[in-house]
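**Student:** First, the structure itself, so that you have it in front of you.
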Amino acid sequence: MSVTTPEPDALPRRLALPEFVAMLAFLFATIAFSIDAMLPALPDIAAELTPDNVNRAQLILTVFMAGMGIGTLFAGPISDAIGRKPAIYLGTAIYVAGSIAAVFSQSIEFLLVARFIQGLGASGPRIIGMALIRDLYAGRDMARISSFVMMVFITVPALAPFIGAVIIRFSEWQGVFLAFVVFGLVGALWMGLRQSETLAPANRRPLRLGPLTAAAREVLSDRQVMLCTLILTLGFGQMFALLSSAQQLFAETYGKGDSFPAWFAAMALLSGTGTLLNATFVMRFGMRRIAKWAYVMQTFVSAAMLVLILSDALPDGLRFPAFFFWAVSVFFMAGVTFGNLNALALQGMGHIAGMAASIIAALSTLAATLIAAPVGLLYDGTAVPAIAATLICSALAWRLMGWIHD
């Protein structure tokens, strides 16, 4: 499919592709950094704020995603009404406010509220960034750009646990939230100085009930959009389930607590090759075919891993390498599928890109937390809950991909 070209007088100034990708990746990385940099802090937070039930510390991750899911319902329509850049500034302000509130948390309950507010704000860069890409690109071109963004998005936050661990060493866990403030402000400043507005005033849709309802009805009644949203839900659910248990799995199950940031960085860097491969081959093979075979691969890898663990067939020396390979495959699958599925869903939604991106992300993120939170709380000292959840989600996604068309 060819690149969508606006009218000459409405054409926004385009950054050079490397800077455009890097800027969007930085905005998207707000989410990954807000999750990954927290992982080394979870044991300290659990010991200080919820020592009687350390598993509750995992809710710091899932409540952030819940806030992000709800925020996505509003971020897109707001950006359709006031423009992409002002909406990102608003989201950043909310994100920074939540980060500052978290610094002063004296209870797990207050911290969870602050994280929820953080999630609300983080939804802005995520959703509006996707709408911004759709303003300029469509179809396989959008999938290719999204893959480059995801590659940087996955690679850069690989350092987040390292950064979080260093910050905690000098300032305790509260310092991580101050780093979030800096991160959010840098992203908003970069966009403000370098990127022109991509949504012309003539193409904006007012925040009135009638137009909003009509746009939402159009999105929700589109079979392709809803199928892609359901598949994204399954993909996010299995990835978030692994993330919520990652620190415990590496530290308690496999005894890699001291080197967890290094292993997590290696996992993220290796899985980032998935987005590079997708960007390389999506123009040739298409979005649907690549995403389908990624879920096929994940189904068989997870099934094999589950059998090996339940049968206790792995020798001691191979247990962690096998788990690490499986964890890399989960993130690799995300890099291969998420950009393609978003592009497939938004192909026919260019005129309401903000609303469509909001609904897709809100439904998939909120529903994914319903998968991830119980799986995380079911942690029993083994990787079985996370692997079983991934097997089920990938098998269902594989089946649903048969109903998607390019």
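The values are calculated or read from the model by the stated rules, or taken from the named source; none is laboratory data. Keep in mind that what you see is a predicted model, and the values were worked out from it rather than measured. Cβ: placed from backbone, ideal geometry, glycine included. Neighbour counts: every protein chain shown. Note: areas computed on protein heavy atoms with side chains; ligands, DNA, RNA excluded. Shrake-Rupley method; radii C 1.70, N 1.55, O 1.52, S 1.80 Å.
**Student:** On a C-alpha basis, how far is the centre of the stretch 42-82 from the centre of the stretch 363-385 in Å? Whole number, if you could?
**Tutor:** The two parts, judged by their Cα centres, are 14 Å apart.
**Student:** Determine the share of the chain's accessible area contributed by carbon and sulfur atoms, expressed in whole percent, with a 1.4 angstrom probe.
**Tutor:** Values: 10840 of 15740 Å².
That share works out to 69 percent.
**Student:** Residue-wise, which Karplus ³J(HN,Hα) couplings in Hz belong to the stretch 202-210, taking 6.51 cos²θ - 1.76 cosθ + 1.60, θ = phi - 60°, and x for glycine or proline?
**Tutor:** 5, 9, 7, 10, x, 7, 10, 4, x
**Student:** To continue, here is another question. Two-decimal Rg/Rh of the chain from alpha-carbon positions, Kirkwood Rh? Don't skip to the end; give the middle numbers.
**Tutor:** On the way: Rg = 20.2 Å, Rh = 21.2 Å.
Reported Rg/Rh, Kirkwood definition of Rh: 0.96.
**Student:** Work out, step by step, the length gained on full extension between residue 296 and residue 70: first 0.36 nm times the residue separation, then minus their alpha carbon distance; give nm to one decimal. Kindly include the intermediate steps, with their values, before the conclusion.
**Tutor:** On the way: separation 226, 0.36 × 226 = 81.36 nm, distance 3.06 nm.
Here the answer is 78.3 nm.
**Student:** To continue, here is another question. If you place +1 on the Cβ of every Lys and Arg, -1 on the Cβ of every Asp and Glu, and leave all else neutral, what size is the dipole of the chain about its Cα centre, to the nearest 20 Debye?
**Tutor:** On the way: 24 positive and 21 negative charges, 236 e Å.
Roughly 1140 debye for the chain.
**Student:** Full extension from residue 314 to residue 202: what is 0.36 nm times the residue separation minus their Cα-Cα distance, to one decimal in nm? Intermediate values should be presented prior to the final figure.
**Tutor:** On the way: separation 112, 0.36 × 112 = 40.32 nm, distance 6.24 nm.
Gain on stretching residue 314 to residue 202: 34.1 nm.
**Student:** Quote the charge dipole size of the stretch 21-97 about the Cα centre in Debye, to the nearest 20; the model charges only the Cβ of Lys and Arg (+1) and of Asp and Glu (-1).
**Tutor:** Magnitude of the dipole: close to 320 debye.
**Student:** Moving to a separate point now. Highest mean first, what order results for 130-139, 263-272 on Cβ atoms within 10 Å?
**Tutor:** Values: 130-139: 24.0, 263-272: 19.7.
Most protected by this proxy first, the peptides run 130-139, 263-272.
**Student:** Order of 86-92, 108-114 by packing, highest average Cβ count within 10 Å first? It would help to have the intermediate numbers written out before the result.
**Tutor:** Numbers: 86-92: 22.0, 108-114: 18.7.
Final packing ranking: 86-92, 108-114.
**Student:** Further question on the same structure: Give me the percent relative contact order of the chain, please, defined on Cα pairs under 8 angstrom at least 6 residues apart.
**Tutor:** Values: 683 pairs, mean separation 112.1, N = 406.
Here the relative contact order equals 28 percent.
**Student:** Also: Compute the length gained on full extension between residue 307 and residue 107: take 0.36 nm times their separation in residues and subtract their Cα-Cα distance, giving the result in nm to one decimal. Present the calculation step by step, with values, prior to reporting the outcome.
**Tutor:** Details: separation 200, 0.36 × 200 = 72.00 nm, distance 4.09 nm.
Stretched fully, the residue 307-residue 107 segment lengthens by 67.9 nm.
**Student:** Accessible area per residue, 1.4 Å probe, Å², for the chain: what's the number?
**Tutor:** Accessible area per residue, the chain: 39 Å².
**Student:** Going from most exposed to least, what order do 252, 19 have by accessible area with a 1.4 Å probe?
**Tutor:** Numbers: 252 115, 19 45 Å².
My answer, sorted largest first, is 252, 19.
**Student:** List the residues of the stretch 245-262 whose backbone N lies under 20 Å from a point placed 7 Å from the Cα of residue 170 along the Cα-to-Cβ direction.
**Tutor:** Residues passing the 20 Å test: 261-262.
**Student:** Which order do the peptides 142-148, 336-342 come out in when sorted by mean C-beta neighbours inside 10 angstrom, highest first?
**Tutor:** Details: 142-148: 25.3, 336-342: 27.6.
For the peptides 142-148, 336-342, the packing ranking is 336-342, 142-148.
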